Amino acid sequence: MTALLSLLLLILYAPNYPAYTHKYLKGSVNLEKTLPLIPLRGIVIFPHIIANLDVGRPKSVLALEKALLKDNREFFVSAQRDADIEEPMASDIYDIGTIVTVRSTYKLPGGVIRVLVEGKCRATIKNFQDNTDCYMATVEPHLDNSFLPNKKISDDINLEALVHALISQFENWIKLSKKIPAEALISISLLEDIGQMCDLISSHMSFSMETKQELLGILDPIKRLERLYTLLLKEIEILKIGKEITSRVHKKMDKTQREYYLREQIKAIREELGDDEDADGDMEKYKKSLAENTFPPDVEKVLKQEIKRLAKISPSSSESNVIRTYIETLLSVPWLKHSDDALDIKRAAEILDREHYGLKDVKERILEYLAVKQLSDTHHSPIICLVGPPGVGKTSLATSISKAINRRFVRASLGGIKDEAEIRGHRRTYIGAMPGQIMKSIIQAKTNNPLFLLDEIDKMSSDFRGNPTAALLEVLDPEQNNTFLDHYLDIPFDLSNVFWVVTANNLADIPLPLRDRMEIIKLSSYTNVEKFHIAQRHLIDKQLKKSGLSKAQLQFTKEAINKIIVDYTREAGVRDLERKIASICRKAAKTIVEGEKKRLRITVKNLASFLGRPYPPANYTEKTAQVGLVIGLAWTQVGGEILPTEVNILKGKGRLILTGRLGKVMQESAQTGLSYIRSCSHELQLKPNFYEKNDIHIHLPEGAIPKDGPSAGITMTTAMISALTNQKVRSDVAMTGEITLRGRVLPVGGLKEKILAAYREKIYTIILPWDNQRDIEDIDADIRNKMTFIPVKNMKEVLEHALKNE
């Protein structure tokens, strides 16, 4: 509006306006004068320009009143550097401003005065005075003619060319911006004063306040002309780009409006047909999700195809629901989302030690992974298989590992799975098809690199629907799982970033090809010492919290904890121990709530009142040597066990009777032992036909429990020799080992669990195969130092140490 007003006045007074301004300054060039000062916020007033100012600040109002008292009604205006400052200082105001004359005033509501002013000339502040009533400034005026005395535009060809170029570009700007009428260009082109031309053009331009102040501060008209020309070219370029953008937006809007119109028609048709009204909303939601998230190129291609198919199908059709479910599943898969590993080894070690006692091998492997990860980004996540009896902390250890390395934790239980589709998913041609357990858990994790626990892998089986164990070969193969193909998704997914933890109780039940793809870490049974520390550090606190008790209300003595472990539990892990502690906590809570006592202390003396009588001692731990009774050692899925073996010699027809639910391998071991005895009957001082008129009955107690394996070979052979020769066997010795036809003793597995079982039953002398000596190092030093180990190579050595010499 101000610019249009200035142009209007310029058009009306163009012939006389320059002369008027020149007359005004003719007698005041280089003469300093003191004028009231009004700081401007956000605007710049150029000379030769008529503009409106709203004056409202107290000091500015007083400065205006002081100017109105003067005959020439002059005051000085200069822009503030920061418009937010209410009372500026000298440093807050630009040095160069404009001397203006008041043409008219008009009072507005709120004490604001609107002033119509006319810019006269530039001036520089020489002295700033901050008086109590208003600002005053001593200024030095500047006249453009002082730089170009009596020089016309036509006198200099270069100057004339620059002026013509400026006017031409300003004409282009008027056509592009359409902010002022084209007639204004005629008046500007008639001006002979270069400075006046620049100021008028500058006032029309939509420059920033800083840029306008820069032009105001250029005192030399020619330099001002050159700078204005440069800025004008830049402004025209911006307008051209803006016009192109606007054109593209309009085209897009036209297309969008056309699509909207067509969609509304389709919507109306669907309403008439009774189709689902939310179909279009779903497609818009899918398109928005596709646009906002990043997907691999093959996934994005499939999504676009499926969304396009969905748009062509009636929402009421069954295929529409199938496609919609498939699209939603693809959108929910974390194709490119991952979490960053916490690579601080010390922090990881602290978490693992805080939540689990012992388990050094597993902890060391996790720290090794973090160390390698720090040094190499290309290192694949490991595939670890934790094998051990129930209750030793395999599953809880996996959750602790996920915390230590800062990964999301997901779990899939494989126990009882018989169908391959449970792993790979169902093909979409089937009704009710869905992804397999692997991809379901990945979707649940919301990252493509979680810690994935495959629990109870040894409990899987197969039937006519396929073999799920074979499907896991691809999942757990580091060379193949980067392109795992779920039948439902039908798009390869990279599983190589997943940290796999697999658990099993029995390694023998895992197929060899699958076993070969995993790093096996065995977790053995806990010793009594380890159980004590686990109970003291973890189990008691956990059950106290669950029961709502504090440590002050219920305390356990060390002796009571040890008695619970020894007399009330017989297990490889700590699950039964935790149940016993939980039972004590519940009974204690009941006693405290009933008001009988406020605090309880569990000791050896009062333990029976909480848990009842302890387990009876084992019937097979005879205190004295017996004929035909040998203590063997066995490994089971729940840890090591004592395996007493009894033999009786009966009159008969040479039969070998085996009872106690012995498996085929164990039966063959008994026959192998009998063949060995027959082959060396002379050395054992037996009649050559001793077996023809006698039946040999071998029995292993706890007949309801199936037993199998070759490790009882030397045990059954020793028991038969003891019964046949009527020699007693030491009751303080336990043994394990496989026997051959020639009496050699072969190594067996599960030695650590077997030795711990003997230790629990207070049997401290163990006869074991010579080649199993290296397994002794796996046993804790505290237990190892209390026991005597007798490695043997053949049956003769076994008999030397097992039979009692009388």
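Data for the structure
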quantity	calculated
The stretch 717-806: C-alpha gyration tensor shape, a/c 1.5 cut-off, then a/b vs b/c	oblate
Accessible area of the stretch 590-722 divided out per residue, in Å², using a probe of 1.4 angstrom	57 Å²
Surface accessible to a 1.4 Å probe, HIS142 within the full protein complex, Å²	40 Å²
Within the accessible area of the chain (1.4 Å probe), percent carbon and sulfur	51 percent
Amide H partners (placed H, <5 Å) of ARG411, local residues excluded	LEU453
Coarse-grained scattering of the stretch 48-110 at q = 0.26 Å⁻¹, given as base-10 log I(q)/I(0) from a Debye sum over alpha-carbon atoms	-1.38
Relative contact order %, the chain, counting alpha carbon pairs below 8 Å whose residues are six or more apart	7 percent
For the stretch 228-239, Karplus couplings with θ = phi - 60° (6.51, -1.76, 1.60), whole Hz, Gly/Pro x	5, 4, 4, 5, 5, 4, 5, 5, 5, 4, 5, 5
Heavy-atom surface of the stretch 429-481, accessible at 1.4 Å and reported per residue (Å²)	43 Å²
The chain - mean residue ellipticity at 222 nm from DSSP helices (-39,500 (n - 2.57) per run, n ≥ 4, rounded to 500)	-13500 deg cm²/dmol
LEU600 long-range amide H proximity, modeled H, under 5 Å	LEU554, GLN555
Inter-probe distance in nm under a simple model that places probes 7 Å from Cα toward Cβ, at SER396 and GLU668	4.0 nm
For ILE383, distant residues with modelled amide H under 5 Å away	GLU519
From the coordinates shown, Rg and Dmax of the Cα atoms in Å corresponds to which of (1) 38.0, 127; (2) 45.6, 127; (3) 48.7, 153	(3)
Loop-exposed chymotrypsin sites (Phe, Trp or Tyr not before Pro) per DSSP, neighbour cap 13 Cβ within 10 angstrom, longest uninterrupted part of the chain	1-429
Residue-normalised accessible area of the stretch 166-264, given per residue in Å² at a 1.4 Å probe	57 Å²
Karplus-derived HN-Hα couplings along the stretch 31-46 (A = 6.51, B = -1.76, C = 1.60, θ = phi - 60°), whole Hz, x at Gly and Pro	9, 6, 9, 9, 10, x, 10, 10, x, 9, 10, x, 9, 10, 9, 8
Residue pairs, from the table LYS551/LYS597; LYS522/LYS707; LYS531/LYS580; LYS70/LYS120; LYS522/LYS542; LYS346/LYS394, whose Cα atoms sit over 19 Å apart	LYS522/LYS707; LYS522/LYS542; LYS346/LYS394
Antiparallel content of DSSP bridges confined to the chain, in %, to 5	60 percent
Residue among GLY432, LEU476, GLY673 farthest towards the positive dipole end of the chain, charges placed on Cβ	GLY673
Electrostatic dipole magnitude of the chain [Cβ: Lys, Arg +1; Asp, Glu -1; Cα centre; debye, to 20]	3080 debye
Integer Hz, Karplus 6.51/-1.76/1.60 couplings in order for the stretch 391-401, x for Gly and Pro	x, 8, x, 5, 5, 5, 5, 4, 5, 5, 5
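The values are calculated or read from the model by the stated rules, or taken from the named source; none is laboratory data. Predicted model only: the values in this text are computed from it and were never measured. Quick reminder, even Gly has a Cβ in these numbers, built from the backbone with ideal geometry, and neighbours come from all protein chains shown. To get the accessible areas, we keep the full protein, side chains included, count just its heavy atoms, and leave off ligands, DNA and RNA. Shrake-Rupley method; radii C 1.70, N 1.55, O 1.52, S 1.80 Å.
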